[in-house]
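The values are calculated or read from the model by the stated rules, or taken from the named source; none is laboratory data. From a predicted model like this one, the values you see are computed outputs, not experimental measurements. Cβ placement follows ideal geometry from the backbone for every residue including glycine, while neighbour counts extend to all protein chains displayed. Surface areas here come from the heavy atoms of the whole protein model, side chains and all, with no ligands, DNA or RNA. Shrake-Rupley method; radii C 1.70, N 1.55, O 1.52, S 1.80 Å.
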Amino acid sequence: MSWARQNLFSGWGNTLTTVLIGFVLVWALVPFLDWAVFSADWVGSKRVDCNTGGACWVYVIQRFDQFMYGFYPEAERWRVDVGAVLLMIALMLFFLPRVTGRLALVFLLLALPVGWILLTGQGLGLPAVETRLWGGMMLTVVLTVAGLALAFPVAILLALGRRSSLPVVRISCTAFIELWRGVPLITVLFMASVMLPLFLPDGASVDKLLRALIGVSLFAGAYLAEVIRGGLQAIPRGQYEAAAALGLGYWKTMIYVILPQALRHVIPGLINTVIALFKDTTLVLIIGMFDFLGIIQASLNDQEWLGLAAEGYVFAALVYWSICFGLSRLSINVEQRSGVYRG
Amino acid sequence: MAEPVIKVEQVHKWFGSHQALAGIDLSVMAGERIVVCGPSGSGKSTLVRCMNGLETMNAGKITVNQIDLAGGSAAVEQVRKSVGMVFQQFNLFPHLTVEENLCLAPTRSLGLSQANAQERARKYLERVHIPEQAGKFPLQLSGGQQQRVAIARALCMEPQIMLFDEPTSALDPEMIKEVLDVIAELAADGMTMVCVTHEMGLARAMADRIVFLDEGQIVEEAPPSEFFKAPKSDRTKQFLSRILQH
Amino acid sequence: MVAVAVVIAGAVWLFGNTLDNLANRGIASGFSFLKSTAGFGISTSLIDFSEASSIGRAFWVGLLNTLLVSAISVVLATILGFAIGIARFSKNWLLGRVATVYVETLRNIPLLLQIFFWYFAVLRALPGPRQSYDLAGWFFLNNRGFYIPKLEIIDGGGWVLLGAVVMAFLAFWQCRHKGISRSCAGLAVLLFISLLAVGSVSVPALTGFNFTGGTVLSPELVALVIALSSYTAAFIAEIVRAGVQSVPRGQIEAADALSLPDKDRMRFVVIPQALRVIVPLLTNQYLNLTKNSSLAAAIAFPDLVSVFAGTVLNITGQAIEIIGITMAVYLTISLTIAFSMNIFNRTTAMRGLSS
Ligand SMILES: Nc1ncnc2c1ncn2[C@@H]1O[C@H](COP(=O)(O)OP(=O)(O)OP(=O)(O)O)[C@@H](O)[C@H]1O
Ligand SMILES: [Mg+2]
């Protein structure tokens, strides 16, 4: 009671604010909750089953598998599930207290190609699944993870290059980074999808997904490079001098002394880049791919399920939000645990 | 008998489980000059900060000019208008010039016109002997000058009472005197003040009463002559012997 | 040396491939396509444009639309972002919570999804002109867009206005230095009178099935502006919060000890010092917003990417030139914003902080 008096009703201005906000909240939230939960339709299989005037979740439930797997053949979807489990394990290893970073890294480096082979089916005797059938959340995750995996080595080289003592290397790395950071992702994707084929010998074609991945990883690489550079800058000169005193060369110093420390410093920054990239992958729908948002957007034009834009977007928002919010909490958690950023 | 301008009754203050003030009683009469001293962590800052509501107490009562500081934000604001405060770290606004530092509160809080406020600012800058620095930014001044600007800033509100929290502790030795001189001049003009300081010379010269604080309690309270010559408690003696050694 | 040789060889190989490909597909090269006739129309344009106009002009239409959307959104995002960022420090618990929820919701949902939501689920789902939402009889919102009053100026009136604005501006500078509020007010009145003399306001009104008078902002524009500014505001709010938290406690205590009212403490003590932290980060957000405005392509608002890297590229096929120009434009905008914010930072935000 006294809490309420102090925080909500101290003085007339405060009381007025409380009442006003309370009114708006009730005015907005009550109808929304009614629509989304209380008078929503959950069971059925057709558009006509939605007749209460509330949200038609039947449509989301009916389409759920497609939203997750895209057009991946139904019989082969277990491969996507296995890939997802592999990825989960790899990520969990990084945050389990008793597993060393090196073990987690090795597992991840193995899991990535295994997952890719599993999904494409090349070389395992499994039926091949063309990448144009990939879609939904699965494609979104592939774009994010593969994009990052390709971007990471590029980013490390760019970050080191930007701090190099050779002017040619430094200037070209800086220019490269600033170029990608200065233009919108959509132009990069356009470039990858229209210009890339022009550069290759006649007849050679690059898979559309691969083209998008190249664009995404160049773009993400530039941003990651800046994050990593921040970590490199935080390493005191003494560390370089100590390594030099031990007779380590440039690459050995970097690999064994500097990078392990620098990367640990920037884990929160890296996670934030992952969140940004995860959200940015939605842009591939503009170049005609069906990622999670893309496939929902496409399904809104289905003649049998017209007029369900609100349902589709609310569902998509909920999914994206849960993942991004979860990741951002993880980043805060890491930050507090390492204590690097405090003080 | 006249009412005290500041009346502190049985004030307790906890920071979490740590007790910073343990039942303080203190009265300050109009025109009186009180020096508060004591070892580090004894609660001196906490006490003066309670007197203008920068710190809220957990138990007890403080009245300033009969206004109870527990009476909500309006009461606190009214008290602060009649109480000036000078901090150890100056706390000047670095993005404003000296003159702007001085004029901000008079115009915004007292409603003075810009011209009147500027006139006031000039007057008090002269009083602290740096009228020529009005156009500079705080970080362009020496520490002693900055602290004098801080004093002038508090004076511009024409307060009845001045609180000082170790005004010379952050200064280099050669600058301490210029600030102490200004404080002594204020004291000579009859300003009511409560000053936390380790400068025993200042205490001897201007204090009507010295209050010795230890572990959140007032251990000794006496005029300087008595305080320095015949301290009653052992803790005071110990403190004095340590501080007067050099 | 080997590395350099490999790079050069690679470049030559790519260049050769490209020439072959262009030749095979019958794609021209060079910039002469800018002079040819566009042959398509553009729905929203700040300058005259028709199918007979040149492609070069279409480029300007797109660029101006990008700048228009970005400029409006930057202003709105800044206002909203500062309001929300400051609200997070409110003494009112409810207000602080609402601000936090706003930030955490908006910034964790992809911008493109938000644009789609505003465009397809809100603006396109609005009723037709006859059932418009009416705001004070001056503004109307329906599925054709947002109708707002328009200022119409008689011929030659523009010069009068320009003169008045310049005079008001000069007077403003005078006032800042001398504090003469009366002459300032006088000039404001003069400006207002000259406006009345040369201009008139045209208010939109429903005639038959549609509105006449005023001007209309297309649903695409409105959706884009709402989405861009509300999304960026969430990030700006976080920046403002970080900036405010960076101001030392002593500063706030000094303001309190001087009994500065809460809002003046914020305005004169906290915000100016917080700007030191805020401005560089804010610059980044402005850049992001401008780049994000290219998502216009997804709802067919004719911004630079949509018109030039979309429509024009499809017609001419000159991918290299077009993508090159587009990227160069964004780079220029990025550098310009970064440069001008740098100047602002030096002259205003860092005031008194570098001795
Ligand atoms: N904001 C705070 N949070 C927690 N503890 C505090 C806080 N402020 C002061 N304290 C504690 O309360 C006690 C009294 O502090 P105070 O600052 O009043 O001491 P002081 O006598 O002014 O010491 P000094 O001479 O070092 O300035 C100290 O032990 C201090 O650690
Ligand atoms: Mg102290």
* Return the long-range amide H neighbours of residue B:192 (sequence gap of 5 or more, or a different chain), with a cut-off of under 5 Å between placed amide H atoms. => B:31, B:162
* Cα atoms only, segment A:83-128: Rg and Dmax in Å? -> 12.3, 39
* Gain on full stretching of the segment that runs from residue B:241 to residue B:177 - 0.36 nm per residue minus C-alpha separation -> 20.8 nm
* To do: Enter the mean number of other protein chain beta carbons within 10 Å of the beta carbon of each residue in C:87-96, as an integer.
  => 5
* Structure fact -> From most to least accessible, 1.4 Å probe, no ligand or DNA/RNA atoms counted, B:239, C:15 line up as C:15, B:239
* Quick one: helix A:11-33 against the long Cα principal axis of chain A, what's the angle to the nearest 10°, folded into 0 to 90? -> 80
* Structure fact -> Log entry, pair A-C: total buried accessible area, probe 1.4 Å, protein chains only, in Å² rounded to 100, is 3900
* Normalise the Debye intensity by I(0) for segment B:35-154, one equal point scatterer per Cα, no solvent, then take log10 at q = 0.14, 0.21 Å⁻¹ and round to two decimals. => -0.70, -1.16
* Asked: If you take the Cα Rg of segment B:105-246 and divide it by 2.2 N^0.38 Å, with N the number of residues, what do you get?
  -> 1.21
* **C versus B: buried accessible surface, summed, Å² (probe 1.4 Å, to nearest 100)** => 2100
* Structure fact -> With every protein chain kept in place and a 1.4 Å probe, segment A:220-271 has an accessible area per residue in Å² of 50
* Asked: What does chain B give for Rg and for Dmax, in Å, if only its C-alpha atoms count?
  -> 17.9, 55
* Under the Karplus relation 6.51 cos²θ - 1.76 cosθ + 1.60, θ = phi - 60°, what is the ordered set of whole-Hz ³J(HN,Hα) values for segment A:322-327, x standing for Gly and Pro? -> 4, 5, 5, 5, x, 4
* Cysteines without a disulfide-compatible partner [chain A; Cβ-Cβ under 4.7 Å] -> A:173, A:324
* Whole number in Å², please: accessible area per residue of chain C, 1.4 Å probe, ligands, DNA and RNA not counted. => 49
* Structure fact -> Descending accessible area (1.4 Å probe), largest on the left, turns B:50, A:50 into A:50, B:50
* Quick one: if you stick a label point 7 Å off each Cα along the C-beta vector at residue A:199 and residue A:20, how many nm between them? -> 5.5
* Could you work out how far helix B:114-127 tilts from the main Cα principal axis of chain B, as a 0 to 90 degree angle to the nearest 10? => 50
* Structure fact -> Residue-ordered couplings for segment A:190-201, obtained by feeding phi - 60° into the Karplus form 6.51 cos²θ - 1.76 cosθ + 1.60 and rounding to whole Hz (Gly and Pro as x), are 4, 4, 5, 7, 9, 7, 3, x, 5, 7, 8, x
* B:161, A:286, reordered so the largest accessible area comes first (probe 1.4 Å) -> A:286, B:161
* In the calculated pair distance distribution of the protein assembly as shown, what percentage of Cα-Cα distances lie above 35 Å? -> 65
* How much of the accessible area of chain A, in percent, comes from carbon and sulfur atoms when a 1.4 Å probe is used? -> 69
* Asked: Tell me, what does the Kirkwood hydrodynamic radius of segment A:182-295 come to in angstroms if you use every pair of distinct C-alpha atoms?
  -> 16.6
* **Computed lengthening from residue C:97 to residue C:151, 0.36 nm per intervening residue step minus Cα-Cα distance** => 15.4 nm
* Asked: Can you work out ³J(HN,Hα) from phi for every residue in segment A:282-289, in order, using Karplus 6.51 cos²θ - 1.76 cosθ + 1.60 and θ = phi - 60°, giving whole Hz and x for Gly and Pro?
  -> 4, 5, 5, 5, 5, 9, x, 9
* What FRET efficiency do you get for residue C:212 and residue C:133 if R0 is 25 Å and r is their Cβ-Cβ distance, rounded to the nearest 0.05? -> 0.90
* Structure fact -> Counting only protein heavy atoms and leaving out ligands, DNA and RNA, the solvent-accessible surface of residue C:37 at a 1.4 Å probe, in Å² to the nearest 10, equals 90
* Asked: Using modelled backbone amide H atoms (1.01 Å from N, in-plane), which distant-in-sequence or interchain residues come within less than 5 Å of residue B:219's amide H?
  -> B:212, B:213, B:214
* Asked: For chain C, which semi-axes, largest first and in whole Å, follow from the square roots of 5 times the eigenvalues of its Cα gyration tensor?
  -> 40, 32, 24
* Structure fact -> Each label sits 7 Å from Cα toward the beta-carbon; between residue C:350 and residue C:189 the label points are separated, in nm, by 4.4
* Calculate the mean, over all residues of peptide A:280-291, of how many other protein chain Cβ atoms lie within 10 angstrom of the residue's Cβ. => 3
* To do: Kindly identify residues of segment C:120-155 having a loss of at least 30 Å² in accessible area between the isolated chain and the assembly of all protein chains, probe radius 1.4 Å.
  => C:120, C:121
* Structure fact -> In nm, the gap between the two label points placed 7 Å beyond Cα toward Cβ at residue C:339 and residue C:28 is 3.2
* Carbon and sulfur atoms: what percent of the 1.4 Å accessible area of segment C:1-158 do they account for? -> 68
* For segment A:133-191, with every protein chain kept in place, what is the accessible area per residue (1.4 Å probe, Å²)? -> 36
* Structure fact -> For residue C:161, the accessible surface traced by a 1.4 Å probe with all protein chains present amounts, in square angstrom to the nearest 10, to 30
* Within segment C:192-280, chymotrypsin sites (Phe, Trp or Tyr not before Pro) in DSSP loop having at most 16 other beta-carbon neighbours inside 10 Å -> C:209
* Asked: Among the helices of chain C (complete DSSP H runs), which have Cα atoms covering no less than 27 Å along the helix axis and a Kyte-Doolittle mean of at least 0.5?
  -> C:2-25, C:55-87, C:157-178, C:219-245, C:319-344
* Note down the accessible area of residue A:289, probe 1.4 Å, to the nearest 10 Å². => 20
* To do: Quick one: angle between helix B:72-82 and the longest Cα principal axis of chain B, in degrees between 0 and 90, rounded to 10, please.
  => 70
* To do: Divide the volume of the convex hull of the Cα atoms of chain A by its number of residues and quote the answer in cubic angstrom per residue.
  => 231
* What 222 nm value per residue comes from the helices of the protein assembly as shown, counting each DSSP H run with n ≥ 4 as -39,500 (n - 2.57) and dividing by all residues, nearest 500 deg cm²/dmol? -> -18500 deg cm²/dmol
